[in-house]
Every structure is written in structure tokens, then in C-alpha cells.
Amino acid sequence: MAFKALLYVLSAPAAVLLLSGALAGSACAGPVRTRIVSLNLCTDELLLELADPSHILGLSPLATDCAESVRCELAQTYPVQRPDGENLVATHPDLVLDGTWHRPTAALVTDALHVPFVQLPSIASLADIPVQIRTVAHAIGEEARGEDMIRAFEDRLEGLHPAQPEKILTATVVGANLAGEEGGLISDLLKRAGFRLSASERPDGTIALETLIAHPSDLLVTGMISEGASLAENVVHHPALQGRFTGAHRLALPGRLTMCGTPETLDALEALIAAHDRLTVAEPSP
């Protein structure tokens with residue numbers, strides 16, 4: 001118990017301090033890092049986009065999983081390593097990227113090796129994506145690439161709007177990585193696409209199947225990661241849902257598009273806008 005307490009004391013302040021430093025220092029150029037390790041899927045994806053290929057020392061195991069990663073094909077050409085302290089000791093990187101959900105030993109080892117340790121929190125809206133791009137770009141010394149990526153993201157976002165934004169429809173989300181709580185990423189995407197969460201949604205984003213059948217929303221959004229891997233994914237195939245939501249009233253959204261905050265998240269927004277346009281132009285509520 002004492003050892004666990006020591007790990008927490010050493011890791012938590014260091015993680016917060018390094019992330020704060022990365023955000024505050026984004027205006028000036030940082031040193032180019034040439035031995036970078038990513039321990040998290042979301043940092044994997046940004047690193048693959050921003051870093052020189054020769055500077056990537058290792059990625060997390062999820063990077064090559066095409067059900068979860070938007071850059072899985074590219075990631076297959078890079079080393080993959082377990083996200084633990086032992087591998088950091090063996091590889092001795094000059095920068096470690098991670099999410100806020102991490103093993104305490106990562107911060108302990110990077111502190112002992114005097115290696116910068118930068119963490120990215122989960123995103124709550126599209127507005128967080130440029131912030132995370134800029135954080136990673138600064139950490140690896142690729143500010144110019146980061147700003148180019150942000151400009152492309154913001155230019156595309158500016159052009160994505162529903163044809164009839166004044167028509168607000170209801171939507172319910174079901175499936176892995178698509179919790180529909182207010183204030184989350186999927187909530188932001190729905191709002192921008194002309195939807196609001198169905199009034200029958202619970203505060204935590206869950207909904208009873210009976211409630212959904214009795215009070216159907218205009219659109220059912222299903223998110224899949226790996227077929228049949230969880231109850232959240234199995235319920236998508238329930239016969240009652242299959243018969244109640246058909247045609248334009250159902251949208252299958254790949255889970256990997258909302259797993260992390262990347263430019264590909266705009267593919268999810270584009271799909272939701274297209275669903276809104278189909279419903280407002282042609283079809284009534286189910």
C-alpha cells in the first residue's frame with residue numbers, strides 16, 4: 001500500500017506539470033525529439049501524423065487495431081510495445097506521450113530517467129482537437145506541421161453545416177464508445193449536425209430499450225468497435241431495434257471515428273450532417 005501511495009505522489013503532479021508546460025509553451029519552438037514512445041491510442045494517432053517517421057520509437061498495441069485506430073495501416077510499419085515501465089527502461093526514449101489513463105509506473109520511470117512525460121486528457125468537444133494537436137506538435141518539436149494540421153482541420157470544419165440547421169431533430173446513440181451524455185464529444189457532434197439528444201436519455205448517456213422503442217427518436221446512431229465484444233454492441237442487433245429504426249432513421253458510425261480527437265473525427269460529423277439532411281428533406285419521423 002505504501003508503494004502504491006508513493007507512485008501516486010510521484011506521478012500525478014509530474015503529469016499535470018508537464019501537460020501544463022506543454023500547453024503554456026506552445027507559442028515558442030520546442031526541441032525536436034528523435035526517440036519518441038507513445039503509450040496511448042490517441043497519442044499514437046497524432047504522433048503518426050506529426051512526427052518524422054524515423055523519430056517514432058514505439059506505439060501502443062491498439063495503434064494497429066483497425067477497429068479502433070484511424071491510422072492502423074500506417075501504424076503496422078512501426079514498432080509496437082507494451083505500455084509499461086519496463087519497456088521504457090529498455091528503450092530509453094527522449095519523450096513519452098500518454099493519455100490521462102495510464103499506469104503509475106510510466107510517470108515514475110520517466111521521472112527517474114529525466115524524460116519528458118506529456119499526457120493528453122480525453123476530449124469533450126471538437127474545440128479540444130486543435131489544442132491537443134498543438135500540444136503534441138510542441139512536445140515533439142514539430143510546431144509548423146501542427147499549425148498546418150490545425151488550419152486544414154479548421155478549414156474543413158468551417159464548411160460542415162446541415163442544409164436546414166433550423167430544424168432540430170432528436171437522436172439516440174447506442175453502442176461502444178458512443179455514450180450520449182451531455183457535454184461529451186458525441187453530444188457536440190450531434191449539436192453541430194442539427195440534432196439534440198433524445199429527451200428519454202439518462203444523464204449518464206444510457207437508455208432503457210423499452211423506453212427507446214416506446215418513444216423513438218428521429219435518428220438511432222449505432223457505434224461499433226469489434227463485433228459482439230460487449231453488451232453495448234450486441235444490443236444494436238436486437239430485433240425490436242432492427243424493425244423500429246430503418247432507412248434514414250438509422251446511422252452506423254464506426255467507433256474509431258469518435259475514439260480520439262483527430263481530423264478524422266470530422267468524418268463522423270459529416271456522416272451525421274448527411275443523416276440530418278436526409279431526414280429533413282425526405283422522410284418523416286418513424
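The values are calculated or read from the model by the stated rules, or taken from the named source; none is laboratory data. Model, not experiment: these values are computed from the prediction. Glycine also receives a Cβ, built like all others from the backbone with ideal geometry; neighbour counts cover every protein chain displayed. Calculation scope for accessible area: heavy atoms of the full protein, side chains included, ligands and nucleic acids excluded. Shrake-Rupley method; radii C 1.70, N 1.55, O 1.52, S 1.80 Å.
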Residue list for the stretch 133-153, restricted to those being in contact with a helix residue (DSSP H, G or I) (Cβ under 9 Å, 6 or more places away or on another chain), closer than 21 Å to Thr34 by Cα and free of Cβ contacts under 8 Å to residues at least 24 places away in the same chain: Ala144, Glu147
Single residue of the stretch 78-116 satisfying the filter (over 15 Å from Leu62 (Cβ atoms), of a type outside the set (Ser, Thr, Tyr) and in contact with an Asp or Glu (Cβ under 7 Å, 6 or more places away or on another chain)) that is modelled with the highest pLDDT: Val115
Ile140, sole failed condition from (1) open to solvent by 30 Å² or more (accessible area, probe 1.4 Å); (2) among the hydrophobic types (A, V, I, L, M, F, W, C); (3) touching a His at 6+ places or on another chain (Cβ under 8 Å): (1)
From Ala75, Ala67, Ala51, residue being among the small types (Gly, Ala, Ser), in contact (Cβ under 8 Å) with a residue 24 or more places away in the chain and open to solvent by 20 Å² or more (accessible area, probe 1.4 Å): Ala67
